[in-house]
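What follows draws every value from the coordinates through simple rules; no lab data is involved. Just so you know, these numbers come straight off a predicted model, no measurement behind them. Every residue, glycine as well, gets a Cβ built from its backbone with ideal geometry; the counts of neighbours run over all protein chains shown.
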Amino acid sequence: MLAVGLIGMVGSADAAPLRKKAPARRAAAKVVPARPALPAAVQPPGIMVPKPVTLVKPTPAEQQAHAVWTLRAALNVAALQCQYSPFLRTVDNYNNMLGKHAAELTAAQNVMVNHFKRTQKAGLAAFDRYNTRSYNSFSTLDAQYSFCWTAGQAGQALRVANVGTMARVAEIALPAVRAALAHQPSPVGLAVPPLAQLPQFGPQDPVQANN
């Protein structure tokens, strides 16, 4: 019935006389002024702060071992990057830590290896990546002076700490070392002096070789 109705409507429309429609007037096109380009976002001045390494659902024992192993990584980086100051004794601090707290370091390493075996399929490979990320999390250029000073203090604390208390030292020292990585250096220290103007040699001022 719907198709029949449509056919009837078309037939009646054909029979009706055609009426001429007035040409439709087109509205004048509106000219939209172009919006000025927004200025590019300006990065505020600052320094590059490395991010700490975190674990996925660690147990309390794994979190404690993570702190010990992370402090070891911090002192290792300090021993490599802070040799400009013999006063900090970062190399001596690192070597002293390896000998004095060897048992604690071995225990922490075993716990961390088991953590990655528990949480990831390739446990040993994941532990290697964890070590690399731990070292990189203390690599800094902008805050090197403050990092080296704080890492030197942490190494000295391990020197005087009793055997078996490295986890406690790490719990206290690591937040300070992390804060040192975000230290904003003085703008005066970052100022680069102007380069000395070299004499301009040209055809009128030939360079004379020394006889």
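Miscellaneous remarks
- Backbone phi angles across region 110-122, fed through the Karplus curve with coefficients 6.51, -1.76 and 1.60 (θ = phi - 60°), yield HN-Hα couplings of 4, 5, 5, 4, 5, 4, 6, 5, 6, 9, 9, 5, 8 Hz in residue order; Gly and Pro are listed as x.
- Think of each Lys and Arg Cβ as +1 and each Asp and Glu Cβ as -1; about the Cα centre, that makes the dipole of region 60-184 roughly 240 debye.
- Where trypsin sites (Lys or Arg not before Pro) fall in DSSP loop in region 118-164, at most 14 other Cβ within 10 Å: LYS121
- Across region 60-184, the convex hull enclosing all Cα atoms gives 97 Å³ per residue.
- Nitroxide proxy distance, nm - points 7 Å out along Cα→Cβ at SER139 and THR165: 3.5
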